[in-house]
Amino acid sequence: MDPSPLFYQAGPALPEISHAQGVYLWDDTGRQYLDGCSGAISCNLGHGRDDIRDAMLAQLDRVAFTYRTQFENAPAVALAKALVGLTHGQLEKVFFVSSGSEAVESALKLARQYFVARGEPQRRRFVSLRPSYHGSTLGALGVTGYHPLEAPFTDITIGSLKVAGPDFYRHTDADDTRHVARVLADTRTAIEAAGPDTIAAFVLEPVGGASTGARMLDRAYLEGIRALCDEYGCLLILDEVLTGIGRTGAWFAYQHYGVTPDLLATAKGLGAGYYPVGALLARADIVETVMASGGFQHGHTYAGNPLACATGLAVVEAMQREGVLSNVAARGRELEAGLKALQARFPWVGDVRGMGLLWGVELVADPVTKAPFPAEHNYFARIAALAKEEGLLIYPRRTLDGLAGDHFLVTPPLIIDAADTAELLDRLERAMVRFDREVAASAPA
Ligand code: PMP
């Protein structure tokens with residue numbers, strides 16, 4: 001075989017997928033996979049849907065592309081209205097993009113321009129969590145807290161003030177309430193030291209993604225951050241690139257907590273793997289301030305093109321029509337029960353955390369001390385490889401910052417049914433039995 005010109009990752013050549021339907025994919029050797037991670041937590045409605053294809057084809061037949069400053073675009077207006085509706089009108093303005101990184105990047109730039117327009121140009125810094133992931137472009141990477149990704153670029157990114165969020169698995173405070181209070185107090189101290197009037201915005205994921213193994217925050221923490229932002233006059237940006245559009249069982253994860261952001265970035269599930277589309281949602285007065293100062297100095301060629309927005313609209317309408325959020329709740333409970341049963345069985349499953357159909361499983365060498373496995377074992381990759389051999393795709397990572405250890409995400413398409421959820425758990429169990437034998441075999445005598 002000719003060497004591939006693509007350079008996405010080091011490693012052996014990958015099989016190619018020949019076709020896919022629902023939660024299953026088949027490669028060119030005929031091997032079948034259950035998509036336990038929705039690709040990159042993006043194929044939220046499963047594969048091969050006629051309704052999405054029909055909506056896309058109908059739009060293609062009309063027009064695929066018009067430029068946003070030249071023509072009105074009915075699918076874009078309709079999708080924007082639908083998104084505003086999903087926030088119950090709390091965020092009234094929408095700016096479309098094509099990816100999660102672009103959505104975060106847009107949020108950072110809008111926050112900055114807002115303060116310039118208000119005569120507060122000294123507000124040019126951002127606060128974010130370590131660990132966190134906000135995207136791969138230089139702005140979004142600057143607020144990302146994940147050393148392996150940051151390292152080559154720290155000199156050329158905007159950077160941010162990185163603070164620790166709560167860690168409900170490893171903290172050693174007296175209880176969760178006191179832990180959250182301490183984390184908030186530490187955050188306040190860090191912001192005071194940095195100069196609160198230099199801060200434009202606090203950026204965070206309401207439920208962590210791959211870099212944290214679905215780190216959970218809680219209501220008290222988010223209320224505390226909201227209160228800090230209000231006190232210091234900076235904006236709260238929620239990165240719902242991964243959690244938005246139903247992943248956690250609400251349209252947006254913030255709705256579980258009753259804490260409303262000023263700006264919200266979303267992407268992945270909006271196009272559901274059918275077409276790239278993301279969005280920045282914003283409070284109306286922020287947008288009006290920026291528009292009154294001459295407009296938002298930002299934009300991408302493909303932003304909000306008709307085909308992208310027709311796809312996003314078809315996704316949202318399908319989810320509403322089929323009551324997908326109640327399926328997320330029901331299947332989420334089954335997945336949680338199944339993963340916790342596996343945790344009870346295998347001592348190296350240290351933590352199972354998440355909500356809806358976003359679950360993280362963390363692996364530890366010692367469940368009492370919660371010590372991670374030695375990094376050189378690369379167990380995160382090994383368990384994913386075993387799962388793949390058992391016909392199951394999961395999303396593995398190893399976090400080196402703060403939250404320690406190997407982990408993987410289980411994030412199946414939001415339309416998965418009860419039988420396939422059980423099948424997912426069966427395949428995971430088979431992979432875990434094999435992994436357990438390997439761990440036992442390599443343990444020191
Ligand atoms: N923010 C979060 C929370 C994400 O999970 C991701 C993607 N993993 C991004 C931003 C970046 O999105 P994209 O890869 O579409 O640029």
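The values are calculated or read from the model by the stated rules, or taken from the named source; none is laboratory data. Predicted model only: the values in this text are computed from it and were never measured. Cβ atoms come from the backbone with ideal geometry, glycine included; neighbour counts cover every protein chain shown.
Enumerate the pairs (first residue in region 195-208 and buried (at least 22 other Cβ atoms within 10 Å of the Cβ); second residue anywhere and outside any loop (DSSP other than H, G, I, E, B) and of a type in the set (D, E, K, R)) with beta-carbon separation below 6 Å, excluding pairs fewer than 6 apart on the same chain, so at least 6 apart or on different chains. Qualifying pairs under 6 Å: Ile199/Arg125; Ala200/Arg112; Glu205/Asp239.
Only residues that are touching a strand residue (DSSP E or B) at 6+ places or on another chain (Cβ under 7 Å), within 19 Å of Gly139 (Cβ to Cβ) and within 16 Å of the ligand (Cβ to nearest atom) were counted across region 194-211, and they come to 6. Per this entry, Tyr114 is not counted among residues that are among the aromatic types (Phe, Trp, Tyr) and more than 22 Å from Ser293 (Cα to Cα). State whether the residues of region 222-232 include one that is touching a residue at least 40 places away in the same chain (Cβ under 8 Å), in contact with a Pro (Cβ under 7 Å, 6 or more places away or on another chain) and not assigned by TED's automatic domain parsing to the domain that holds Val410. Yes - at least one qualifying residue is present in region 222-232. Of the strands (runs of 3 or more DSSP E) lying entirely inside region 90-193, the ones with 2 or more residues being in the same structural domain as His300 (by TED's automatic domain parsing), within 16 Å of the ligand (Cβ to nearest atom) and at pLDDT 95 or above are found at 93-97, 125-129.
State whether the residues of region 32-46 include one that is surrounded by fewer than 17 Cβ atoms within 10 Å (Cβ to Cβ) and not assigned by TED's automatic domain parsing to the domain that holds Asn305. Yes, region 32-46 has at least one match.
Just a yes or no: is a residue in region 366-387 in contact with a helix residue (DSSP H, G or I) (Cβ under 8 Å, 6 or more places away or on another chain), in the same structural domain as Ile415 (by TED's automatic domain parsing), more than 23 Å from Arg170 (Cα to Cα) and outside any helix (DSSP H, G or I)? Give the derivation first.
Within region 366-387, the subset in contact with a helix residue (DSSP H, G or I) (Cβ under 8 Å, 6 or more places away or on another chain) is 373, 377, 379, 382-383, 386-387.
Subset that is in the same structural domain as Ile415 (by TED's automatic domain parsing): 373, 377, 379, 382-383, 386-387.
This time we only want the ones that are more than 23 Å from Arg170 (Cα to Cα), so: 382, 386-387.
Then keep just the ones that are outside any helix (DSSP H, G or I); that gives none.
No, there is no match, as no residue in region 366-387 is in contact with a helix residue (DSSP H, G or I) (Cβ under 8 Å, 6 or more places away or on another chain), in the same structural domain as Ile415 (by TED's automatic domain parsing), more than 23 Å from Arg170 (Cα to Cα) and outside any helix (DSSP H, G or I).
For region 56-89, taking the residues that are modelled with pLDDT of 95 or more and among the charged types (D, E, K, R), the one that is nearest to the ligand (Cβ to nearest atom) is identified as Lys81.
Taking the conditions (1) within 24 Å of Tyr133 (Cβ to Cβ); (2) surrounded by fewer than 21 Cβ atoms within 10 Å (Cβ to Cβ); (3) among the aliphatic types (A, V, I, L, M) in turn, Val368 satisfies each one other than (1).
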